[in-house]
Amino acid sequence: AEESGLINVIGSWVLEQAFSVASKWHDRHSMPLTMAINISAQQLLGGQVSTQVKHYLHRFSLDPASIELEITESAALFD
């Protein structure tokens, strides 16, 4: 997906789906849950991740502490 350039579209969809599921889990369970979401290097370089995360936190009424963003190994290789 990174090589074809589709990673940003796929990554946006994954973020939305993950936030949606996290919201449903939060509504169904009384204990705190954390959703971990992998972020690709291209998503980070695209600069839209923080805007999308803020949007989905608000849209799905989630506490920021309930979301954990994981950076893929390829992202860690960038300077």
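How many of the residues making up the stretch 26-37 are open to solvent by 20 Å² or more (accessible area, probe 1.4 Å) and under 12 Å from Ile67 (Cα atoms)?
6
In the list Ser12, Ser20, Ser40, which residue meets the criterion of being of a type in the set (S, T, N, Q), open to solvent by less than 70 Å² (accessible area, probe 1.4 Å) and at pLDDT 95 or above?
Every option except Ser20 fails the conditions.
The values are calculated or read from the model by the stated rules, or taken from the named source; none is laboratory data. As the structure is a prediction and not an experimental result, all values here were calculated from the model. Accessible surface areas use protein heavy atoms only, side chains included; no ligands, DNA or RNA. Shrake-Rupley method; radii C 1.70, N 1.55, O 1.52, S 1.80 Å.
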